[in-house]
Amino acid sequence: MIVPGGFAGVTARAQIPEQVIPYVCAVSKLKPRMLGPCVGYERAGEVVLVGYPLHDPKDARAMEESVSLALRIPGLHRITVIGPARPPQAPESAAVEKDWYCSLPVPAPPPGQKIRNLLRRAGRELTLERASSWGEDHAALVRLYLEKRPLSAGIRHIYRSLPRYLTESSGSLLVSARLADGRLAAFSVGEYAGLMNAFYMFSFRNPRIAPPGTADLLLAQLLVEATERGHAKMNLGLTVNEGIGFFKRKWGAEPFLPYMQTTWETAAQGIASVFAGLFRRRS
């Protein structure tokens with residue numbers, strides 16, 4: 001399939017973060033290629049197919065056609081498909097993960113009283129820095145997060161690649177929240193390379209010093225940015241777990257697109273890789 005504007009056109013039409021080409025290439029070093037109406041990423045006998053067709057992310061039949069194209073890649077050993085459904089080509093032994101992408105309309109509905117109270121409190125104690133540069137305190141906050149959580153190798157690789165992503169994606173935005181003494185309490189990253197859809201990519205906070213409402217204050221700023229840039233929707237990412245899901249639901253986010261990750265070996269001996277894990281984001 002020839003996409004108007006090439007890979008930049010894919011990013012412009014992105015419905016999910018995995019269709020933002022600069023993001024995926026920065027954190028994975030995989031090579032993008034079009035497989036019918038879907039974009040895929042490949043490396044050393046592996047392919048990750050983002051099975052959400054650009055014309056309609058819920059078109060399971062078009063996803064199936066793209067899977068067939070991916071399976072014809074010479075030397076393929078392992079395939080991961082993320083899409084709205086399990087591809088019929090997947091064997092019974094395939095590993096499967098399920099979730100939902102959540103979203104908010106832009107402009108977002110007015111938050112409830114509880115969120116407004118949190119925003120006022122956090123706003124009194126914090127100063128937001130828009131488009132601040134990545135520093136050692138940002139890296140230290142990521143290390144603190146990694147130390148406290150049992151995350152997969154792929155997710156850890158993504159988080160350690162954040163500086164490269166922020167450099168290589170012109171649509172990314174880093175917003176930092178600092179206390180009066182200058183200490184970094186938290187930061188969030190938004191992505192605005194899509195024409196219609198913005199993306200809430202990552203958020204980190206120091207629970208020892210961040211006041212209540214810090215994450216809400218950062219999300220509110222990212223939503224303001226999306227409004228000012230003329231986006232119609234913000235993809236808040238996957239539900240992941242109850243805590244993260246609750247945070248998104250309290251803002252009024254709703255599931256809008258099913259997520260199913262299916263991985264299988266296509267030969268008797270597959271190769272080990274963390275790259276498929278890159279596409280199960282933990283934010």
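Quick notes on this structure:
- Of all DSSP bridge pairs formed entirely within region 103-256, close to 90 percent run antiparallel.
- P(r) of region 103-256 over all Cα-Cα pairs, binned every 5 Å from zero, in whole percent: 2, 9, 19, 22, 23, 17, 8, 1, 0
- By the equivalent-ellipsoid construction on the alpha carbon gyration tensor, region 1-98 comes out with semi-axes of 20, 16, 13 Å, ordered largest to smallest.
- Long-range HN-HN contacts of S103 with modeled amide H, under 5 Å: L236, E254, F256
- Dipole magnitude of the chain, debye to nearest 20 (Cβ charges: Lys/Arg +1, Asp/Glu -1, about Cα centre): 680
- Its Cα centre serving as origin, region 103-256 has a Cβ charge dipole (Lys and Arg +1, Asp and Glu -1) of approximately 440 debye.
- Inter-label distance, nm, simple model (7 Å from Cα along the C-beta direction), K114/D137: 3.0
- Computed over the chain, the per-residue total of -39500 (n - 2.57) for DSSP H runs of n ≥ 4 gives a 222 nm mean residue ellipticity of -10000 deg cm²/dmol, rounded to 500.
- Under 20 Å from the T167 label point (7 Å along Cα→beta-carbon), backbone N, region 7-28: 21-28
- Charge dipole magnitude, Cβ of K and R +1, D and E -1 - region 18-137, Cα centre, debye nearest 20: 360
- Ascending count of other beta-carbon atoms within 10 Å, so fewest first, for K98, K233: K98, K233
- Listed residues L166, A232, G123: farthest to the positive end of the dipole of region 103-256 (Cβ charges): G123
- Kirkwood Rh, angstrom, the chain [1 / mean 1/r, Cα pairs]: 19.4
- Ordering of 151-157, 201-207 by burial proxy (mean other Cβ atoms within 10 Å per residue, highest first): 201-207, 151-157
- Positive dipole terminus of the chain, leading residue within V175, G51, V27 (C-beta point charges): V175
- The distance between label points at T127 and D181 comes to 1.5 nm (points 7 Å beyond Cα on the Cα→Cβ vector).
Bear in mind these aren't lab numbers, they're just calculated from the coordinates by the rules spelled out. All values derive from a computational prediction rather than experimental measurement. Note that each Cβ is placed from the backbone with ideal geometry, even for glycine, and that neighbours are counted across all protein chains shown.
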